[in-house]
1. For residue 190 and residue 162 in one chain, what is 0.36 nm times their gap in residues minus the Cα-Cα distance, to one decimal in nm?
2. At R0 = 45 Å, how high is the FRET efficiency between residue 13 and residue 242 if r is their beta carbon distance? Nearest 0.05 is fine.
3. Ranked by Cβ crowding within 10 angstrom, fewest neighbours first, how are 224, 129, 115 ordered?
4. What translational D, rounded to a whole number of µm²/s, comes out for the chain from Stokes-Einstein when the hydrodynamic radius is the Kirkwood one over Cα pairs, at 37 °C and 0.692 mPa s?
5. Okay, helix-only estimate at 222 nm for the chain: each DSSP H run of n ≥ 4 adds -39500 (n - 2.57), divide by all residues, round to 500 deg cm²/dmol; what do you get?
6. At a Förster distance of 22 Å, what's the computed FRET efficiency of residue 295 paired with residue 345, Cβ-Cβ distance as r, to 0.05?
7. Give me the angle, in degrees from 0 to 90, between the Cα long axis of helix 271-282 and the longest principal axis of the Cα atoms of the chain, rounded to the nearest 10.
8. If we count other beta carbons within 10 Å of each Cβ, what is the order of 215, 6, fewest first?
Ligand SMILES: NC(=O)c1ccc[n+]([C@@H]2O[C@H](COP(=O)([O-])OP(=O)(O)OC[C@H]3O[C@@H](n4cnc5c(N)ncnc54)[C@H](O)[C@@H]3O)[C@@H](O)[C@H]2O)c1
Ligand SMILES: O=C(O)C(=O)C[C@@H](O)[C@H](O)[C@H](O)COP(=O)(O)O
Ligand SMILES: [Zn+2]
């Protein structure tokens, strides 16, 4: 269940009262510690003992090493199975915290309080938890639902602009795969500010929740939520590997441009529609230089995509603005063409 928090965080307080956990473990990174934790603690009304666990911010820390440290901290705290983990942060914190909670002692309860736009519209919802390993995105993880998700949109006021723009890419994806009106509303935004985005956050959350409810473990339709990620994740991994990490949303925007082009090359959409989509994505995202990466490196990483089966790289593609399909096999030629197309965009 998703609740939009009131100014006193009453829904969260009631939830904790009803659950009555033995301990609260509040996971934050350095930025959410500074910008979001004071608001949470100022509103928390409970006698239940709590511990704050802070990790450094960034995708580079979404690793097995950090996970091991967190499991160790829980054993030091003598955390039992009736504890509640509260993940207060962006997608890195909710992915990592959900993974720790769902594996420690075979699973303790956790709840997500997303603080980034990407977290609110996407990462906190749907129960995909995980960490990266050997630079492969989310390659180790679980499907585990948070008890509840509590959203406080005002947290976005301290989020840096580039992070807001990163989250906006997943919102654009939601429009492209299921809802033309949502897409049109989003591309009409002139300037990416929290106020301009607020009216559309709930729609994105609902789109994600609705898809997940139909296919929690990603056997079919949930794969559409991965549009832009086959190429996006491969490039995100490569940038990470080279020590120049890009934001997840930037990678998704890049991936959506390439995979929109592939949707055209596969005769699923017209060139006019593809160009229109690419034009609108590019209004928000600067071009990334991917010329240092070879096709072979990119395709090798795609071989680890979780949508693949029997050695086939499966893409989720667009069949229009607001409609999509999945399990599409794409020739190496078309993958290459889409990357060259991106590289040569004016
Ligand atoms: N599980 C899923 O379904 C899912 C969906 C999409 C993305 N993801 C994952 O989510 C991650 C990306 O999430 P993200 O973009 O939120 O990254 P993030 O968690 O690294 O947060 C981005 C940055 O913003 C800071 N921050 C967060 N909230 C803030 C606030 N209110 N004020 C100031 N600073 C704040 C963070 O400290 C961090 O530096 C990736 O690892 C991606 O793979 C998971
Ligand atoms: O929830 C989903 O399903 C998604 O695909 C949402 C994506 O935006 C998200 O980045 C997700 O973490 C990707 O999952 P993965 O299985 O490709 O690692
Ligand atoms: Zn994503």
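1. Once the chain is fully extended between residue 190 and residue 162, it gains 8.5 nm.
2. 0.50
3. 224, 129, 115
4. On the way: Rh = 20.4 Å.
In µm²/s, the coefficient rounds to 161.
5. -14500 deg cm²/dmol
6. With R0 = 22 Å, the Cβ-Cβ based efficiency is 0.80.
7. 40
8. Listing 215, 6 from fewest to most nearby Cβ atoms yields 6, 215.
Readers should treat all values here as calculations from the given coordinates under stated rules, not as data from a laboratory. Being a predicted model, the structure only gives us computed values, none of them experimental. Glycine also receives a Cβ, built like all others from the backbone with ideal geometry; neighbour counts cover every protein chain displayed.
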